[in-house]
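Data first, discussion second: the structure below is written as structure tokens.
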Amino acid sequence: MATHIPTHGELVTWIETFDSVYRDELGRPIDPDTLATCLEKAVTGTEVEDVRDWVRASADKKRSAGDMIAPQEITFVAGPNIGAWPATATVTRLSIQLDGVEVEFTKRDGPDRWPDARTPGWTGELQYSLGMCLRIDGRWYASAPIETWYGRNVIGGPIQATSVEGSGVGQIPKNWFYDARWAPMNGYQPKAGETIGLFVCAGDARNNFNPVQERSNIVVVSLPEDGQASTFTWER
């Protein structure tokens, strides 16, 4: 019987079936694509230390401007190409709560904060938008549909919820990416333990009104279990 050698895509899919988040020696999450490449290198006889060097170099590349997912590896849908904007703000703390997500970042408050902007036709002003990156079929997709005004910082609802109001539909497909505008993100609820990306950007990305085209760095976190909260912190 011939031995089946899994393709890179098959390895990524296999890795994504596990609930745990793999991390490097510094505690940073390793995405399934990177881990699949590690497995390929190991199978082909690459020395362990050489694999470690490759992971470090890959992590350094992905952390350009603090990004934990390289923007050029992300397809942005239903809105502006936020990945092309400069990362002028740094996420220092992110809390996935039972009523929403709170992102603390360097341009949220203070004299250098992102300015308020009024979307045409609106009667109130917005300050920033919350965005998410999801890995679907081996590729990263992102959009920032959650708008908020200055001082309202717990937003987006319980993204870890798998059934909102008894609907059997998770918070993300029901209230974030709920129709074909966000394809292929629509209808997708990541599982507990799955790695997702989160970021913020100035203005109203949902309606393409961003007078200040700036964003934060993209951070990756492990989605907590339904009904549980998690907090993540990073050095400024």
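Ordering Y128, Y178 by the number of other Cβ atoms within 10 Å of each residue's own Cβ, fewest first, gives Y178, Y128.
Full extension of the segment from E40 to T231, taken as 0.36 nm per residue of separation minus the current Cα-Cα distance, would add 65.4 nm.
Under the convention that each Lys and Arg Cβ holds +1 and each Asp and Glu Cβ holds -1, the size of the dipole of region 83-212 around its Cα centre is about 220 debye. The label-point distance for S95 and D109, in a model that sets each label 7 Å from Cα toward Cβ, rounds to 1.1 nm. As a proxy for reagent exposure, ranking R113, R108 by other Cβ atoms within 10 Å from fewest up yields R113, R108.
FYI, it's all coordinate maths here, none of it is from the lab. In this text the structure is predicted, and so the values were computed from the model without any measurement. Positions of Cβ are generated from backbone atoms using ideal geometry, with glycine treated the same way; all protein chains shown enter the neighbour counts.
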